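Accompanying notes for the structure given below.
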Amino acid sequence: MSFDLTEEQESLRRTVEKFAEKELAPIAAEAEEKGEFHREIFEKLADIGLLGIPCPEQYGGAGLDYSTYILVIEEIAKQCLATAVGLAVQGLPQIMINLFGSEEQKKQYLAPLASGKKLGAFALTEAGAGSDAASLKTTATLDGDSYVLNGSKVFITHGGVADIYLVMAKTNPGEGARGISSFIVEDGTPGFSCGKTEKKMGMRASPTREIILEDCRIPRKNLVGKEGDGFKIAMIALDSGRITIGAAAVGVAQAAFDESVKYAKQREQFGQPIASFQAIQFMLADMGTAIRAARNMVREAAYLKDKGKPFSHVAAMAKLFATDTAMKVTTDAVQIFGGYGYMQDYPVERLMRAAKVTQIVEGTNQIQRMVIARHLLK
Amino acid sequence: MKIIVLMKQVPDTETKIQVKPGETAISTDGVTFVINPYDEFAIEEALRIKEAKGGDVTLITLGWDKAAEALRTGLAMGADKAVHLNDPAFLTNDAHSIALALSKTLKKLQYDLILCGKQAIDYDNHQIGVRVAEMLGIPHVAVVTKLVLEDGKAVAHREIEGGTEVVETPLPAIITCQKGLNEPRYASLKGIMQAKKKPLEAKKVADVDASPGEVGQAGAKTVVLTLTMPPDRAAGKVVEGEPEDAARQVVKLLREEAKVI
């Protein structure tokens, strides 16, 4: 593993940085305030090929590794966490269908997802079960050549705007984790509907919504993998998702840090820039140090995944550390801005609200510690 | 259709320009370099013409080793090949020298159309496209905001004071591009991955049949004597009091101190 980016990675990073500054920065604050989802941003991301990064070339994607994927996510997150999370969510069904899906499923679903013609979503969480996937209540019952799904899913990113949902449901309710299976459900299927749109603290430009399955009949061939593969699929998805959330958190932290440095040099008190005070300097030094450590952890997790080595515990560590860093750094950024930091006129307030969700999604940071400890003590 | 784009790598527009005392060029320490924004319009226009009419797009730049990055970015946007005049003996900021090196390179190439930015945003000479056209003995249209190609000719809309001038020119010709001509695309992920495989040819002075004495600093017609940062802006003056008195005071200051009325 090298600390240098390849020429292509650096070129891609700069292109995405420019894209985010020109296309996302001007609208991010307003979209956040109004809670508006911008579908056209995903069309623009698709135009430059960013929605199919983890999808193999033969199915219309770019077939790039996670080490490259996280660079893109971080740059997008610097301007807009909602878009970065959307990009990560778009990747999940592609990764899972590619790993576990049939050839027919790959042909049918990967290209539209990779090209952005269709948006994807990942539906695991329920009111009573998230990281405790074994407690899922949604059921899928085989009936002739169909599965009939019943239940509801909450907090689904891109719920209501996505076209293709990867839904986890119990095919064998008597069993815990081994009773879970994974299904492709398309928007518009009779019995599929959307419920409440959540009003969130931050990341408001990304719709989070309940989805409801009422006698939702889907073809039997929409089962991904075998019956009982669902838990494995969900765990791989979460492991992979933790790396991308870690990368997004690094982006949020970096944005808050950059704003803080700029402000500390400009803002004068007692006749000098506040950056000349040691109190501010030490905060900036700690922020910069933590961000660097977080980025390196995220990169290591991506590297291990790319190499096919065990990465689950490193992904959990990277997610834990990067998102706690984002929370700490954005909180300190608001502090450096003082009263102005608390106002919506400056971006650090939005970044602080954004950071909070990264400590919760893809498994709370308490769950991450459980995963890590279980690995360390086994 | 064979299209050539003349382009330059320049400091990012967001760069804080610094000049070290005694130097006659800006400091490049910590500076991010990008494709000159006006040249991006040229590249985009070239790609659109290629997409509509077929053909190929060749990029040419004159500059240090690092300028190859700008060429790779242009290739990632969709250009087919690139030529890098990369020889210390080429390096200069003199418009005549640069135009001569470019025109000598162009004489050995085939082209139907040459596009470039109306200016580079670093030294703002505004001269390259026009000078190269003169050296090649072909027409040029400068500061173009709309370009339509018809059989063997181009109709170009150019910005003039208070209006638009529509000019028809036979091809080959040089068009210098202005903001408004198009909206440049981002390099695509696929384009970035393919860029490394596209031909990028480095040329020395001898390769373009130039003699070392006529190009680069040796062939320069101008010499930069000094380069200084603009003075810091002085603080503004606030005139207080009743509007009538204040207005009188402002007029007095404008006449006697600022000497502008």
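The values are calculated or read from the model by the stated rules, or taken from the named source; none is laboratory data. Treat the numbers as computed from the prediction; the structure is a model and nothing was measured. Glycine gets a Cβ as well: all are built from the backbone with ideal geometry, and neighbour counts include every protein chain shown. Side chains are part of the model used for accessible areas, which takes the heavy atoms of the whole protein and leaves out ligands, DNA and RNA. Shrake-Rupley method; radii C 1.70, N 1.55, O 1.52, S 1.80 Å.
Per-residue answers, yes or no, for (1) in contact with a helix residue (DSSP H, G or I) (Cβ under 8 Å, 6 or more places away or on another chain); (2) over 18 Å from residue B:62 (Cβ atoms); (3) of a type in the set (Val, Ile, Thr):
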| site | (1), (2), (3) |
| --- | --- |
| B:166 | no, yes, yes |
| B:178 | yes, yes, no |
| B:184 | yes, yes, no |
| B:194 | yes, yes, no |
| B:208 | yes, no, yes |
| B:213 | yes, no, no |
| B:242 | no, yes, no |
| B:247 | no, yes, no |
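Suppose the filter is open to solvent by 30 Å² or more (accessible area, probe 1.4 Å), over 25 Å from residue A:95 (Cβ atoms) and at pLDDT 95 or above; does residue A:163 pass it? I'd like the intermediate steps shown before the answer.
Values: open to solvent by 30 Å² or more (accessible area, probe 1.4 Å): yes; over 25 Å from residue A:95 (Cβ atoms): no; at pLDDT 95 or above: yes.
Taking the combined requirement at face value, the residue does not satisfy it.
Can we say residue A:51 is within 10 Å of another protein chain (Cβ to nearest Cβ), out of contact with any Ser or Thr (no Cβ under 6 Å at 6 or more places or on another chain) and under 23 Å from residue A:122 (Cα atoms)? Step through it out loud before you land on a result.
Values: within 10 Å of another protein chain (Cβ to nearest Cβ): yes; out of contact with any Ser or Thr (no Cβ under 6 Å at 6 or more places or on another chain): yes; under 23 Å from residue A:122 (Cα atoms): yes.
Yes.
Would you point out the residue of region A:202-222, among those that are more than 23 Å from the chain's Cα centre (by Cα) and open to solvent by less than 30 Å² (accessible area, probe 1.4 Å), that is nearest to residue A:104 (Cα to Cα)?
As a first pass, look at region A:202-222 and keep what is more than 23 Å from the chain's Cα centre (by Cα): A:213-222.
Restricting the remaining residues to those that are open to solvent by less than 30 Å² (accessible area, probe 1.4 Å) gives A:213, A:216, A:218, A:222.
Working: A:213: 24, A:216: 22, A:218: 15, A:222: 10 Å.
Step by step, filter region A:202-222, then rank; the result is A:222.
When you go through (1) under 13 Å from the mean Cα position of the chain (by Cα); (2) open to solvent by 60 Å² or more (accessible area, probe 1.4 Å) one by one for residue B:39, which number turns out not to apply?
(2)
Does residue A:256 qualify as being touching a Ser or Thr at 6+ places or on another chain (Cβ under 8 Å), within 23 Å of residue A:84 (Cα to Cα) and outside the structural domain of residue A:356 (by TED's automatic domain parsing)? Give the steps one after another, and end with the answer.
Details: touching a Ser or Thr at 6+ places or on another chain (Cβ under 8 Å): yes; within 23 Å of residue A:84 (Cα to Cα): yes; outside the structural domain of residue A:356 (by TED's automatic domain parsing): no.
Judged against the criteria, residue A:256 is not a match.
Going through B:24, B:28, B:13 one at a time, which residue ends up being surrounded by fewer than 21 Cβ atoms within 10 Å (Cβ to Cβ), part of a loop (DSSP other than H, G, I, E, B) and within 14 Å of chain A (Cβ to nearest Cβ)? Spell out how you get there, then give the answer.
Working: B:24 fails: within 14 Å of chain A (Cβ to nearest Cβ); B:28 fails: within 14 Å of chain A (Cβ to nearest Cβ).
Going through B:24, B:28, B:13 in turn, the sole match is B:13.
For region A:312-319, does any single residue satisfy the condition of being in contact (Cβ under 8 Å) with a residue 60 or more places away in the chain and over 29 Å from residue A:375 (Cβ atoms)?
Checked region A:312-319: no residue is in contact (Cβ under 8 Å) with a residue 60 or more places away in the chain and over 29 Å from residue A:375 (Cβ atoms).
In this structure, does residue B:169 turn out to be at pLDDT 95 or above, closer than 20 Å to residue B:79 by Cβ and in the same structural domain as residue B:47 (by TED's automatic domain parsing)?
Working: at pLDDT 95 or above: yes; closer than 20 Å to residue B:79 by Cβ: no; in the same structural domain as residue B:47 (by TED's automatic domain parsing): yes.
The answer is no for residue B:169.
For residue A:254, all conditions in the list (1) within 30 Å of residue A:105 (Cα to Cα); (2) within 25 Å of the chain's Cα centre (by Cα); (3) at pLDDT 95 or above hold save one; what is the number of the exception?
Only one criterion in (1) within 30 Å of residue A:105 (Cα to Cα); (2) within 25 Å of the chain's Cα centre (by Cα); (3) at pLDDT 95 or above is unmet by residue A:254, namely (1).
Please go through (1) in contact with a Phe, Trp or Tyr (Cβ under 8 Å, 6 or more places away or on another chain); (2) modelled with pLDDT under 95; (3) surrounded by fewer than 18 Cβ atoms within 10 Å (Cβ to Cβ) for residue A:141 and return the number of the only condition it doesn't satisfy.
Checking residue A:141 against (1) in contact with a Phe, Trp or Tyr (Cβ under 8 Å, 6 or more places away or on another chain); (2) modelled with pLDDT under 95; (3) surrounded by fewer than 18 Cβ atoms within 10 Å (Cβ to Cβ), the one that fails is (2).
Go through A:170, A:199 for me and flag whichever is buried (at least 19 other Cβ atoms within 10 Å of the Cβ) and among the basic types (Lys, Arg). So that I can check it myself, show each step before the final result.
Details: A:199 fails: buried (at least 19 other Cβ atoms within 10 Å of the Cβ).
It is A:170.
Before we move on, is residue A:248 closer than 30 Å to residue A:16 by Cβ, in a helix (DSSP H, G or I) and among the small types (Gly, Ala, Ser)?
On the way: closer than 30 Å to residue A:16 by Cβ: yes; in a helix (DSSP H, G or I): yes; among the small types (Gly, Ala, Ser): yes.
Judged against the criteria, residue A:248 is a match.
Has region A:28-42 got any residue that is at the interface with chain B (Cβ under 10 Å from one of its Cβ atoms) and not small (Gly, Ala, Ser)?
No, region A:28-42 has no match at all.
Say whether the condition of being away from chain A (no Cβ under 14 Å), open to solvent by 60 Å² or more (accessible area, probe 1.4 Å), at pLDDT 95 or above and in contact with a Leu (Cβ under 9 Å, 6 or more places away or on another chain) is met by at least one residue in region B:124-139.
yes
Specify which of the listed residues (A:273, A:310) is open to solvent by 40 Å² or more (accessible area, probe 1.4 Å), within 22 Å of the chain's Cα centre (by Cα) and not basic (Lys, Arg). Steps first, please.
Working: A:273 fails: within 22 Å of the chain's Cα centre (by Cα).
The match here is A:310.
May I ask you to list the residues in region A:1-27 that are within 14 Å of chain B (Cβ to nearest Cβ) and small (Gly, Ala, Ser)?
Pass one, region A:1-27, residues within 14 Å of chain B (Cβ to nearest Cβ): A:5-25.
Within region A:1-27, A:11, A:20, A:25 qualify.
Would a scan of region B:70-84 turn up a residue that is under 14 Å from the mean Cα position of the chain (by Cα) and either farther than 18 Å from residue B:190 by Cα or surrounded by fewer than 20 Cβ atoms within 10 Å (Cβ to Cβ) (or both)?
Checked against the condition, which is being under 14 Å from the mean Cα position of the chain (by Cα) and either farther than 18 Å from residue B:190 by Cα or surrounded by fewer than 20 Cβ atoms within 10 Å (Cβ to Cβ) (or both), region B:70-84 yields no hits at all.
Quick test for you: out of B:39, B:65, pick the one residue that is part of a loop (DSSP other than H, G, I, E, B) and either closer than 17 Å to residue B:202 by Cβ or in the same structural domain as residue B:176 (by TED's automatic domain parsing) (or both).
Working: B:39 fails: part of a loop (DSSP other than H, G, I, E, B).
Of B:39, B:65, the one residue that is part of a loop (DSSP other than H, G, I, E, B) and either closer than 17 Å to residue B:202 by Cβ or in the same structural domain as residue B:176 (by TED's automatic domain parsing) (or both) is B:65.
Which of the residues that make up region B:187-210 are away from chain A (no Cβ under 14 Å) and without any contact (Cβ under 8 Å) to a residue 24 or more places away in the chain?
Step one: filter region B:187-210 for residues away from chain A (no Cβ under 14 Å), giving B:199, B:201-210.
B:206, B:207, listed by residue number.
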